[in-house]
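**Q** Once you've had a glance at the structure underneath, I'll fire off some questions.
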Amino acid sequence: MSRQFFFFDQPRRFIVGTVGQPGERVFYLQAVDDGRVVSVALEKSQVLVLAERLEQLLHEVASRSGFELPEAVAPDTRPLDSPIDEEFRVAAMGLAYDTDSGLVIIEAQAPAESAEEAEASLLEDTEDGPDALRVRLAKQAAVDFVERARRVIAAGRPPCPLCNEPLDSGGHVCPRSNGYRRQARLGSGD
C-alpha cells in the first residue's frame, strides 16, 4: 500500500493539544509550517509515553555528548491551529537522534496491516506502509514539546491514588478497592 508521508523539518510549531472537556478530550499531535497544518490523533497514554521517552532520549544524548540541555522557554500555550483535520490515529511511534544534524526525529504512524509492516516502515523512508508524520526538531523545540505535553496531560482529570485511572468529580469504581466507589478528593478543603 502506498503511504501518505507528512515530513516537517524543524517546523514553526510542533505541539500536543486537545479538543473537548476533560474526560472527553481527544489528543492530537500537530505540526505547522509554511501554511501546512497536519494533525494526528492519539491517546493520552501515548502522549505521556512520548514525553517520557523524549525526555530520556534528550538526557542520554546530553550526557553522552557533554552538553547542557536547554531549559524550557516560554511554553506555547496557544490552542491547536485550525483546521484540525485528523489525518490518522497513531498506532506506533518512533524516536531517534541524528548525530550529524543534532536533531531529534519523532515519527507517528497509522495502523499497519501487520506487525512486520509496521516495524519495517517505522523511521524508514519506504514508499509502502502505513501513513506517517515525521518531524525533525532542534533540542530546544524538543524540550519545549515535553514541557507542553506535561501541562496538557496535567490539565485533565486527576488520577486515582490506588489504580491511577482518572477520577470523575463523583469518583469512580476502583478495581483496586474491590469495586467500591472511590470518591474524588478535589479541592483543598477535604
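**Q** So for the stretch 46-64 (the condition being touching a Gly at 6+ places or on another chain (Cβ under 8 Å) and in contact (Cβ under 8 Å) with a residue 60 or more places away in the chain), does at least one residue qualify?
**A** Just the residues of the stretch 46-64 that are touching a Gly at 6+ places or on another chain (Cβ under 8 Å), to begin with: none.
No, that holds for no residue.
**Q** Assuming ALA120 fulfils every condition listed in (1) at negative phi; (2) out of contact with any Ser or Thr (no Cβ under 8 Å at 6 or more places or on another chain); (3) of a type outside the set (D, E, K, R) apart from one, which condition is it?
**A** Failed condition: (2).
**Q** Which of the residues belonging to the stretch 97-108 are among the small types (Gly, Ala, Ser) and either open to solvent by 70 Å² or more (accessible area, probe 1.4 Å) or more than 15 Å from the chain's Cα centre (by Cα) (or both)? I'd like the intermediate steps shown before the answer.
**A** Going residue by residue through the stretch 97-108, those that are among the small types (Gly, Ala, Ser) are 101-102, 108.
Listed by number, the residues that qualify are SER101, GLY102.
**Q** Here are some residues: VAL38, VAL61. Which one is more than 28 Å from SER2 (Cβ to Cβ), more than 12 Å from the chain's Cα centre (by Cα) and not small (Gly, Ala, Ser)?
**A** Values: VAL38 fails: more than 28 Å from SER2 (Cβ to Cβ).
Selected residue: VAL61, the only one of VAL38, VAL61 that is more than 28 Å from SER2 (Cβ to Cβ), more than 12 Å from the chain's Cα centre (by Cα) and not small (Gly, Ala, Ser).
**Q** Can you name the condition, by its number, that PRO111 falls short on among (1) part of a strand (DSSP E or B); (2) open to solvent by 60 Å² or more (accessible area, probe 1.4 Å)?
**A** Of everything listed in (1) part of a strand (DSSP E or B); (2) open to solvent by 60 Å² or more (accessible area, probe 1.4 Å), PRO111 misses just condition (1).
**Q** Still on this structure, I have one more. Could you check, for the stretch 122-137, whether at least one of its residues is open to solvent by 40 Å² or more (accessible area, probe 1.4 Å) and part of a helix (DSSP H, G or I)?
**A** Looking through the stretch 122-137, none of the residues is open to solvent by 40 Å² or more (accessible area, probe 1.4 Å) and part of a helix (DSSP H, G or I).
**Q** Okay, moving on. Looking only at the stretch 46-96, count how many residues are exposed (fewer than 11 other Cβ atoms within 10 Å of the Cβ) and either closer than 16 Å to VAL135 by Cβ or in contact with a helix residue (DSSP H, G or I) (Cβ under 6 Å, 6 or more places away or on another chain) (or both).
**A** 0
**Q** I want to confirm something. Restricting to the stretch 12-22 and keeping residues that are surrounded by fewer than 20 Cβ atoms within 10 Å (Cβ to Cβ) and touching a residue at least 12 places away in the same chain (Cβ under 8 Å), which single residue is farthest from LEU137 (Cα to Cα)? Walk me through how you get there before you give the answer.
**A** Just the residues of the stretch 12-22 that are surrounded by fewer than 20 Cβ atoms within 10 Å (Cβ to Cβ), to begin with: 12-13, 18-22.
Applying the additional criterion that residues be touching a residue at least 12 places away in the same chain (Cβ under 8 Å) yields 12-13, 18-19, 22.
On the way: ARG12: 10, ARG13: 10, THR18: 21, VAL19: 24, PRO22: 29 Å.
My answer is PRO22.
The values are calculated or read from the model by the stated rules, or taken from the named source; none is laboratory data. Predicted model only: the values in this text are computed from it and were never measured. When we count neighbours, we look across all protein chains shown, and the Cβ atoms used for this are built from the backbone with ideal geometry, even at glycine. With ligands, DNA and RNA removed, areas are computed over all heavy atoms of the protein, side chains included. Shrake-Rupley method; radii C 1.70, N 1.55, O 1.52, S 1.80 Å.
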